[in-house]
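One structure is given below, encoded as structure tokens.
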Amino acid sequence: MTLLPTVEGAAWAALETVRDPELDEPITTLGFVGSCTVSAGGQATVRLRLPTYFCAPNFAYLMVADAYDAVIKVDGVRAAQVILADHFASDQINAGVAAQAGFVASFDGEAVAELGDLRAQFLRKAVMAGTDQVCRPLVDAGATPAELSALTLGDVPSSPELGRLRQRRAELGLPARDDAPLLIHPETGERVATESIPLHLRRARVTRAGIEANTSICSGMFTFRYQESS
Amino acid sequence: MYAKDGEKYFIVDSHMHYWNAAPDNWVPGAEQYAKGWIECFHAYQGLGPKETHWPIEKFQKYSEDDLMKDVFEDGYVDVAVFQPTYLKEWYKEGFNTTERNAALGDKHPGMFVANTRFDPRDGDLGLEELRRNVERYGSKGVKLYTAEWNNGSRGYKLSDPAAYRYLATAQELGIKNIHVHKGPTIWPLDKDAFDVSDVDHAATDFPELNFIVEHVGLPRIEDFCFMATQEPNVYAGLSVVIGGLMHARPKFFAKVMGELLFWVGEDKMTFGSDYGIWEPRWQVEGFVDWDYPSDEFSDFPRVTTATKKKILGLNAAKLYDIKVPAEFQLPAEAGTPAAKDDAALVSGT
């Protein structure tokens, strides 16, 4: 038994907690982690790659920064370097994350705020999409708006989709415990009134369709970029 | 013209290109961006059927003959709308300019609509250029790429005061149709560059103009749908939706089409092949054959022959005053208008 594969395995596991903020999927399942190695001295090196050269720089920055934050916490990792490859803003992003400079300083004059608001905006979309995942089977089984309105998270049978919805709500500071209403407004956390439920579910459904369509296109382009050419 | 099962379809390709992205057109010092851009487009082509993929060399610079054959001879298109994208920071002569398009269009009268473009960051000179282009090419539409890099700026919003000045001038000049294409950058970079709320503002403040949001706001379909429901002059440009999803991800294509038909309605959706990314032939053939794949989609609006005729040509023909022969027209009562009840429902929240 050697120590090295264990630390490396732990680093990979840490990267599984990093998500693409737009697609709401782990960067590991999306294939964005090209490699992750940890030297005997504890130096972790992670290479990230994205579907296109022009993927939005703000989301790219979040993924690189989150990957750094995840890997540096791993026991046995003493230093970490995350390298975004093949991207128009690779140099700025890699240097900015290495220096822990933040987004505004990394894109001098081109950004006015850090990316917390952007992340929260997309987490709210993930909550809406997750709402469709959890509620669609209930609606298909005949649940009425009045019945849905009365449900709490604890009333819904446990499922991976429910766990994911709870986690996203908790990340936003929204009610996520068993006694919390199933249907809430992702901006305010307030329960959705019965008469607003049909439209709320329509919005949840289109939000999920949007994210799924994006994921389809991104993964298709990623495959074309990194597998057909190699 | 496309005919199938006794039905005839008038085809308007409302979003297509004639570009030169070959190395001879790359700006020295910006080669990586010029190369990155066209390789990104090429990856989109990878989402179409394998037999329609081109080698990168052809994709960088296809010929006039290629275009005429792929779009008109093989692709069933009756009228094609050129949508220029300049990107002059990366491409010496521009990626796909009004002039380059018009030079081809001049050789084939009646087959092309020559749109132009503007960039609100170009000041008075840009306004003069817009005026000249409209006079010279008779443009009724403009293509706007909000993520274009311009002299240190990474992009703009349609709600910027400078953009309003250009929109007002465009309207005075007789422009009717504003095709909007969002991209990955904007100022400031910490905001979501794909956000479509600026289109919402502009559409409200310029009710005489039509705003065709290309790629239906992808990757922000949901935001686009909410907005389009509330703005009567906002349209869904289907380029990328059909090309990028119909073949590669049929289930998600069905979901997206269902959502668009529900929120936007079949009277405000327009086909665009996005040629040279994808050839129109397989898109037209596939879309005419298309229907929802299963009962799972039973609560979405139905798709009829009339729906397809509108989307493939009749809606865009109306936007551009293209004369459609009687044999392709719909009977007077065909189809349903975009659902007004749904619009009321959304704006009430």
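The values are calculated or read from the model by the stated rules, or taken from the named source; none is laboratory data. Just so it is clear, the structure is predicted and the values come from calculations on it, not from any experiment. Here Cβ is always computed from backbone atoms with ideal geometry, including for glycine, and neighbour counts include all displayed protein chains.
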Take the residues of the stretch B:2-47 that are touching a residue at least 24 places away in the same chain (Cβ under 8 Å) and of a type in the set (S, T, N, Q): which is farthest from B:S239 (Cα to Cα)? B:N25
Can we say B:G123 is modelled with pLDDT under 95 and more than 30 Å from B:D65 (Cα to Cα)? no
Between A:D140, A:D179, which is more than 20 Å from A:P198 (Cα to Cα) and more than 24 Å from the chain's Cα centre (by Cα)? A:D179
Identify the residue in the stretch A:20-58 that is buried (at least 23 other Cβ atoms within 10 Å of the Cβ) and over 15 Å from B:F194 (Cβ atoms) and, among all such residues, is nearest to the chain's Cα centre (by Cα). A:I27
Only helices (runs of 4 or more DSSP H) wholly contained in the stretch A:34-120 count here; list those with 2 or more residues that are under 27 Å from B:E31 (Cα atoms), within 14 Å of another protein chain (Cβ to nearest Cβ) and among the aliphatic types (A, V, I, L, M). A:57-72, A:103-106
Answer with yes or no whether A:R168 is of a type in the set (K, R), surrounded by 21 or more Cβ atoms within 10 Å (Cβ to Cβ), within 14 Å of chain B (Cβ to nearest Cβ) and assigned to a helix (DSSP H, G or I). no
Only one residue in A:A193, A:A146, A:A209, A:A126 is facing another protein chain (nearest Cβ under 10 Å) and either closer than 30 Å to B:H53 by Cβ or of a type in the set (G, A, S) (or both). Which one? A:A209
Report the residue count in the stretch B:44-97 for those that are among the small types (G, A, S) and within 14 Å of chain A (Cβ to nearest Cβ). 2
If you go through the stretch B:230-244 one residue at a time, how many are touching a Gly at 6+ places or on another chain (Cβ under 9 Å) and in contact (Cβ under 8 Å) with a residue 40 or more places away in the chain? 7
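Table: residues versus (1) at pLDDT 95 or above; (2) farther than 19 Å from B:D274 by Cα; (3) within 17 Å of the chain's Cα centre (by Cα).
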| site | (1), (2), (3) |
| --- | --- |
| B:R131 | yes, yes, no |
| B:V134 | yes, yes, no |
| B:Y137 | yes, yes, no |
| B:E148 | yes, no, yes |
| B:A163 | yes, yes, no |
| B:L167 | yes, yes, no |
| B:D190 | yes, yes, no |
| B:V196 | yes, yes, yes |
| B:H201 | yes, yes, no |
Test of understanding: among A:T2, A:T6, which residue is modelled with pLDDT under 95, in contact with a Gly (Cβ under 8 Å, 6 or more places away or on another chain) and surrounded by fewer than 16 Cβ atoms within 10 Å (Cβ to Cβ)? A:T6
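Let's see how each residue does on (1) out of contact with any Phe, Trp or Tyr (no Cβ under 9 Å at 6 or more places or on another chain); (2) not hydroxyl-bearing (S, T, Y):
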position	(1), (2)
B:M68	yes, yes
B:F82	no, yes
B:T85	no, no
B:A114	no, yes
B:R131	yes, yes
B:Y137	yes, no
B:T146	no, no
B:N151	yes, yes
B:L158	no, yes
Just checking, does the stretch B:180-198 include any residue being surrounded by fewer than 17 Cβ atoms within 10 Å (Cβ to Cβ), within 14 Å of chain A (Cβ to nearest Cβ) and hydroxyl-bearing (S, T, Y)? yes
Restrict the check to the stretch B:299-320 and report whether at least one residue is assigned to a loop (DSSP other than H, G, I, E, B), within 18 Å of the chain's Cα centre (by Cα) and not small (G, A, S). yes
Where residues in the stretch B:216-247 are over 20 Å from B:V142 (Cβ atoms) and among the acidic types (D, E), which of them is farthest from the other protein chains (Cβ to nearest Cβ)? B:D223
